[in-house]
Amino acid sequence: MSYLNQRIAGADVRVMSSNILFDKTLPDRLSLIADYYRASDADLIGMQEVNRVGTALFDTLGDIYAPVALRHPEDKHCFTPILYRRDRFELIECGSELYRSRGTDTKSMAWAVVADKQSGKKLAIINPHGSLILKSYNLEATNAVEGEQWRVDNVCQMLEKKEELRAKYGASLPVFVTGDFNAYANSESIQNMKKVLPDSAEVATVSATAGINSFHRVPGQPCPEGTPIDFIFVTDDAIKVLVHSIPTDETALAISDHCPVCVDAKLN
């Protein structure tokens, strides 16, 4: 099996976003996902579509990663948990919330603030899964119109959380926003995000993956040409992105219908 490249020299942290697809094939893919995460060398992983079957990963990976933000305050299941390395970080705060603009309770965002056990330096991750309207939802709305309106407000909610965390922990707090946004780069929602937080692919100083869609519909199929719907955005006043990558090797394609997105970054 092939996995992510070795972390680039000079990087302080590796952050990954990963939608694991909660369809009927998930039980058969759990061990493959766990192996991939173990080999990834990621410090923080923002996950999407983690239903109750997917939570089995937390026990499997428990010697390396601690999961946070598993349930909403309303006791609804959270589909966007975050993993952080137990040996490196101490959890300071975490939480999750449903979007105020949504069609179902399957789309949400979570966040966590962690501190490096050696340096004490804090950093934050906000992990969203963007709102989506499918025909199966039986809503009198379309994804192109109402769905995008919801995603625009989703982005507002993410940026409000970023401001809240920086107000609490300092204006220089490094913040990563990882997730499946269910929107392409030319959409209003992504353009609004980029006005505040740059896309890591556009500010990476060493290398970045371009020209492919991170979503490929069926596990194992190749990624089509185009632009991704999975992103990692950063507070560029506190984070210097060195490498942005969307791995498209056989293993990355097999673990889900979304390839992971990964960044190696230096914290200012």
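Can you order the peptides 205-215, 250-260 by their average number of other Cβ atoms within 10 Å per residue, highest first? Display every interim value, and only then the final one.
Details: 205-215: 16.1, 250-260: 21.7.
Ranked from most to least packed, the peptides come out as 250-260, 205-215.
In summary, the lysines within cross-link reach of K122, defined as a Cα separation below 23 angstrom excluding same-chain residues under 8 places away, comprise K161, K162, K168, K240, K266. Given an 8 Å cut-off on Cα distances and at least 6 residues of separation, report the relative contact order of segment 3-129 as a percent. Result for segment 3-129 is 20 percent.
Can you give the extra length, in nm with one decimal, that the chain gains between A167 and S207 once fully stretched, where that is 0.36 nm per residue apart less the Cα-Cα distance? Numbers along the way, then the final one.
Values: separation 40, 0.36 × 40 = 14.40 nm, distance 3.21 nm.
Separation in residues times 0.36 nm, less the Cα-Cα distance, equals 11.2 nm.
In this calculation the C-beta distance from N5 to L91 is compared with R0 = 30 Å, giving a FRET efficiency of 0.60. For the chain, the 222 nm mean residue ellipticity estimated from helices alone, with every DSSP H stretch of n ≥ 4 adding -39500 (n - 2.57) and the total spread over all residues, rounds to -6500 deg cm²/dmol. Heavy-atom accessible surface of segment 110-268, averaged per residue, reaches 42 Å², computed with a 1.4 Å probe. Among residues other than R86 with Cβ under 14 Å from its Cβ, the summed charge is -2 (Lys and Arg +1, Asp and Glu -1). Which residues does a label at E140 reach in segment 91-111, if reach means a backbone N under 19 Å from a point 7 Å past the Cα toward the Cβ? Only 102-104 fall inside the zone, counting backbone N under 19 Å. Treating each Cα of the chain as an identical point scatterer and summing with the Debye formula, the log10 of I(q)/I(0) at q = 0.09, 0.14, 0.15 Å⁻¹ comes to -0.35, -0.92, -1.09. Here the dipole of the chain is about 420 debye; that uses its Cα centre as origin and unit charges on the Cβ of Lys and Arg (positive) and Asp and Glu (negative).
At 1.4 Å probe size, with the rest of the protein present, what percent of the exposed accessible area of the chain is carbon and sulfur atoms?
Numbers: 5570 of 11260 Å².
Its accessible area is 49 percent carbon and sulfur atoms.
Excluding same-chain neighbours fewer than eight residues apart, the aspartates and glutamates reachable from K117 by a Cα-Cα span under 19 Å are D12, D41, D43, D63, D87, E90, E93.
Averaged over residues, the count of other Cβ atoms within 10 Å places the peptides 194-200, 243-249, 8-14 in the sequence 243-249, 194-200, 8-14, highest first.
Between D105 and D35, the simple spin-label model (points 7 angstrom out along Cα→Cβ) gives 3.6 nm.
Here's the picture: charge each Lys and Arg Cβ at +1 and each Asp and Glu Cβ at -1 in segment 39-170, and of I92, G170, N127 the one pushed furthest to the positive end of that dipole is G170. Selection among A56, V234, P27 by position relative to the dipole of the chain gives V234 as farthest towards the positive end (Cβ unit charges, Cα centre). Report note on the peptides 173-186, 107-120, 134-147, 21-34: ranked by the mean count of other C-beta atoms within 10 Å, highest first, their order is 173-186, 107-120, 21-34, 134-147.
Using the Cβ of D230 as centre and a radius below 13 Å, the other residues enclosed give a net charge of -4, where K and R count +1 and D and E count -1.
The values are calculated or read from the model by the stated rules, or taken from the named source; none is laboratory data. A quick note: this is a predicted structure, and the numbers were derived from the prediction, not measured. Reconstructed Cβ throughout: ideal geometry from the backbone, glycine too, with neighbour counts over all protein chains shown. We work out accessible area using only protein heavy atoms, side chains counted, and drop any ligands, DNA or RNA first. Shrake-Rupley method; radii C 1.70, N 1.55, O 1.52, S 1.80 Å.
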